[in-house]
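Right, one structure below, let's go through it.
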Amino acid sequence: MKNFLSLGLLVSLFAFTACGGGETADTSANESAPADEVRTINIIGVDQMKYVVAEAIDGITTGEAIGEYLKLESITASAGEEIRINLMTESAMPAMAMAHNFALLALEADVDAFARASITARDNEYIAPDMEDWVIANTAMLGGGESDVITFTAPTEPGEYTFICSFPGHYAGGMVGVLIVE
Ligand SMILES: [Cu+2]
């Protein structure tokens, strides 16, 4: 009996340890970024199926104006840099019809295949469960007014890492950008 109890304790401890130390923050909505030195990129997802920013800042490139915002094209990071994404969805539509996430994919990921497979993964926040190995970091799927903050370490291998919104149709609609690791 004593051994049985010890084993139980050991298993509990292991489970506790295994759950700690994840790279992404918890995914509950409406978070604000912690106050520290980590570079934070504030991104808004809009109904036009684009990632936009309020202003052009160092470390990002922007494209055309979308409403009062600028389309986000790319984010530049140094290898291994800690970086934070604060994504907010701006929409009056119900989350079932309009929601956004930010999913950063590995260099080897087949982005088209990932987007296609994720369309049917509603129960997993539109992240294809069998392709999660390709996801470096992702936010929660956010309906209008919701936000999520994630902090992750940029890959050490230089290259252009694609990030997409995996809500059905949004990647095809242009909700995509690149993280350029230098
Ligand atoms: Cu989206």
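Please treat every number below as a calculation from the coordinates, not as lab data. This structure is a prediction, so every number in the text was calculated from the model and none was measured. Cβ coordinates were reconstructed from backbone atoms using ideal geometry, including for glycine residues, and neighbour counts include every protein chain displayed.
Can you run phi through the Karplus equation (6.51, -1.76, 1.60; θ = phi - 60°) for the range 87-97 and list ³J(HN,Hα) in whole Hz, with x for Gly and Pro?
Taking θ as phi minus 60°, the curve returns 9, 10, 9, 10, 6, 9, 7, x, 4, 4, 9 Hz for the range 87-97.
For the range 23-181, what mean projected area does the convex hull of the alpha carbons give, in nm²?
Value for the range 23-181: 8.5 nm².
DSSP loop (so not H, G, I, E, B), at most 13 other Cβ within 10 Å: list which chymotrypsin sites (Phe, Trp or Tyr not before Pro) in the range 103-149 pass both filters.
Within the range 103-149, no chymotrypsin sites (Phe, Trp or Tyr not before Pro) qualify (loop, at most 13 other Cβ atoms within 10 Å).
Add +1 for every Lys or Arg and -1 for every Asp or Glu among the other residues with Cβ under 12 Å from the Cβ of GLY80, and state the total.
Net charge in that neighbourhood comes out at -4.
Quick one: give the max-minus-min coordinate of the C-alpha atoms of the range 64-136 along each principal axis, largest first, in Å.
38, 36, 20
Give me the number: length gained by fully extending THR120 to ALA106, i.e. 0.36 nm times residue separation minus the C-alpha to C-alpha distance, one decimal in nm.
The THR120-ALA106 span can extend by a further 3.0 nm.
Please figure out what share of the DSSP beta bridges in the range 23-181 is antiparallel and state it in percent, rounded to the nearest 5.
Given both bridge residues lie in the range 23-181, the antiparallel proportion sits at roughly 70 percent.
So if each residue of separation counts as 0.36 nm, and I subtract the Cα-Cα distance between ASN30 and GLU157, what length gain in nm does that give?
42.5 nm
Per 5 Å bin from zero, what fraction in whole % of the C-alpha pairs of the range 87-129 is there, up to the bin with the longest pair?
5, 20, 25, 24, 17, 7, 2, 0
May I ask you to evaluate 6.51 cos²θ - 1.76 cosθ + 1.60, the Karplus curve with θ = phi - 60°, for each residue of the range 163-177 and list the ³J(HN,Hα) values in order in whole Hz, giving x for glycine and proline?
10, 9, 8, 9, 5, x, x, 6, 5, 4, x, x, 8, 7, x
Arrange the following residues from fewest to most other Cβ atoms within 10 Å of their Cβ: HIS170, HIS100.
Fewest-to-most ranking of HIS170, HIS100: HIS170, HIS100.
Taking amide H atoms as placed 1.01 Å from N in the peptide plane, list the residues 5 or more away in sequence, or in a different chain, whose amide H sits under 5 Å from that of LEU142.
Placed amide hydrogens put HIS100, ASN101 under 5 Å from LEU142.
Note the full-extension length gain between GLU82 and GLU132 as 0.36 nm times their separation in residues minus their Cα-Cα distance, in nm to one decimal.
15.9 nm
Using θ = phi - 60° and the Karplus relation 6.51 cos²θ - 1.76 cosθ + 1.60, list the HN-Hα couplings for the range 126-140 in order, rounded to whole Hz, with x at every Gly or Pro.
Values, residue by residue: 6, 10, 3, x, 7, 10, 5, 4, 7, 8, 6, 7, 8, 8, 5 Hz.
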